[in-house]
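Notes for the one structure printed next.
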Amino acid sequence: MEEKSMVEAMLERARAAQVVLESYTQSQVDTLVRAMGKVIYDNAEILAEEAVRETGYGRVDSKIFKQRKATAAAWFYLRDKKSVGVIDRDPVNKLVTFAKPVGVVACVAPSTNPTSPGASKGMRILKCRNAMIVAPHPAAKSVTVHGVALINEALAELGAPKDLIQIIEQPSMAATRELMAKADVTVATGGAAMVKSAYSSGRPSFGVGQGNVQVVAADDYDDYAFLAATVIGSRSYDNGIPCTGEQAIHYPAPRRAELVKALEAAGAAMIPPEKVSLLPGLLFRENGTSNPAFVGMKPAKMAEALGFSVPADTKILIFDSVGMTRENVLRREKLCPVVQLFPYDSYEEGVANAKSNLLWEGAGHTSVVYTNDAQRAEYAGEELPVCRVLVNQAGGAASGGNYINGLNPTMSLGCGSWGNNSISENLTYRHLMNTTQLAYYHECTMPPLEEVWALNPLD
């Protein structure tokens, strides 16, 4: 008899644990979900320090905030949602909807956010009575293992089934691929190659697309102090690692001096024009991928590498665009705290330039428009090929849902077909459950066929 692989053995144990969990009541499930989030919340400082020490990426304070915000927001959102038994009754159409688990979920964790299985994704997975197996990034395996161990300790105290949450402690690409091919569903966060691998596994998968958040400052907008503070607060977060961070600002050409002054007052420093040409060689390798040495690098260190100096407390670096050509690789997503400035002669041109950038890289993800005019906001919403257009908000803080907008709180941002994703909204618990609809006899009277086929435009 052929010996089971490590992944197969883990899946077998996970399925046995999931069967037990399936009998839990809503109250019992929610108790586990709360405990999962709370233990990550309570240990955010320790895990953040471990993450930065192990990976070298980002900032401890940002990672503390991210874990605490993510867990608190997730629990606030999930605590009153039904995921067991009957979750909806439609008396008009005589339908009753029942929630069912999807089974065992493979959760692929990135090195840039290694505690996400517990901080966000895991809570949604568990909410629907699923088991979870985590595949950590090799560069962040220790902190990810520690996070899962803390979760398991908290769940064990509540009598949860053993092996409900597991992790591949010695990660490899082979093990991750096997897990994605044999689990019931995969939730993947990582580079484009990892997401493509998840979607190629032959199993249902949810992944995220490439980020390249474009900001358009409309020609009616004049609160540049607010714009600058918001953009810099978002882009400096975790030293520019999150895919939700703003990459470029498209602004009215006559207002450059005003914009730059506001950005510098809020903590930005301008890269000298003669140094901008050095950026592509530093930020990108010859094969076009991001240079890991500059991922999450502090602005002062980046300036030093470019051959100039800025104050140690500089929050981001800014630079004037060198053009809209394909040769300008700086139009791509950059995983460090830099922002490119693009002037425009008309608002329509600004939106078109943002769209051009997105169609090269980042389509499907997120954009931001600063305007006080609803028509300008809706123009951006109509024209930009993204799943989220935020109005007068920070890309980093608001795209994943917040208390200030109606988006579902999440750490997985669906990017639609633009980003080769299966969903175009924020991933939530509803994506991680099966449903059964009980349909009673409901006679529907159809009008005469000439009325059925009559043109009834919606516009």
Which listed residue is under 17 Å from Val29 (Cα atoms) and among the β-branched types (Val, Ile, Thr), from Val134, Val86, Val108 | Val86
Got at least one residue in region 134-146 being part of a strand (DSSP E or B) and outside the structural domain of Thr371 (by TED's automatic domain parsing)?
-> yes
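Quick grid of which residues meet (1) more than 16 Å from Gly58 (Cβ to Cβ); (2) within 22 Å of the chain's Cα centre (by Cα); (3) surrounded by 15 or more Cβ atoms within 10 Å (Cβ to Cβ):
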residue	(1), (2), (3)
Arg285	yes, no, no
Ala293	no, no, no
Gly296	no, yes, yes
Ser309	yes, no, no
Leu317	yes, no, yes
Met324	yes, no, no
Lys334	no, yes, yes
Pro337	no, yes, yes
Hey, can you tell me all the residues within region 321-351 that are in contact with a strand residue (DSSP E or B) (Cβ under 9 Å, 6 or more places away or on another chain), of a type in the set (D, E, K, R) and modelled with pLDDT under 95?
-> Arg331, Arg332, Glu333, Lys334
Only one residue in Val39, Val7, Val19 is assigned to a helix (DSSP H, G or I) and free of Cβ contacts under 8 Å to residues at least 40 places away in the same chain, so which one is that?
-> Val19
Could you list, in sequence order, the residues of region 322-338 that are touching a residue at least 40 places away in the same chain (Cβ under 8 Å) and either farther than 11 Å from Asn239 by Cβ or of a type in the set (A, V, I, L, M, F, W, C) (or both)?
-> Val322, Val329, Leu330, Arg331, Arg332, Glu333, Lys334, Leu335, Cys336, Val338
Region 63-98, residues that are out of contact with any helix residue (DSSP H, G or I) (no Cβ under 8 Å at 6 or more places or on another chain), in a loop (DSSP other than H, G, I, E, B) and among the basic types (Lys, Arg) | Lys94
Residue count, region 53-62 (criterion: assigned to a helix (DSSP H, G or I) and buried (at least 19 other Cβ atoms within 10 Å of the Cβ)) = 2
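Please enumerate the residues belonging to region 100-123 that are of a type outside the set (A, V, I, L, M), modelled with pLDDT under 95 and not in a loop (DSSP other than H, G, I, E, B).
Passing the criteria: Cys107, Ser116, Pro117, Gly118, Ser120, Lys121, Gly122.
Can you go through Leu317, Leu282 and tell me which one is in a strand (DSSP E or B) and in the same structural domain as Gly233 (by TED's automatic domain parsing)?
When all the criteria are applied, what remains is Leu317.
Is it true that Ser356 is modelled with pLDDT of 85 or more, within 21 Å of Gln340 (Cα to Cα) and touching a Lys or Arg at 6+ places or on another chain (Cβ under 7 Å)? Spell out how you get there, then give the answer.
Details: modelled with pLDDT of 85 or more: yes; within 21 Å of Gln340 (Cα to Cα): yes; touching a Lys or Arg at 6+ places or on another chain (Cβ under 7 Å): no.
No, not satisfied.
Where in region 346-459 are there strands (runs of 3 or more DSSP E), lying wholly inside it, with at least 2 residues that are exposed (fewer than 13 other Cβ atoms within 10 Å of the Cβ) and touching a Ser or Thr at 6+ places or on another chain (Cβ under 8 Å)? Step through it out loud before you land on a result.
Working: elements: 364-370, 386-391, 433-439.
The strands (runs of 3 or more DSSP E) meeting that bar are 433-439.
The values are calculated or read from the model by the stated rules, or taken from the named source; none is laboratory data. In this text the structure is predicted, and so the values were computed from the model without any measurement. So basically every Cβ, Gly included, is an ideal-geometry build from the backbone, and we count neighbours across all protein chains shown.
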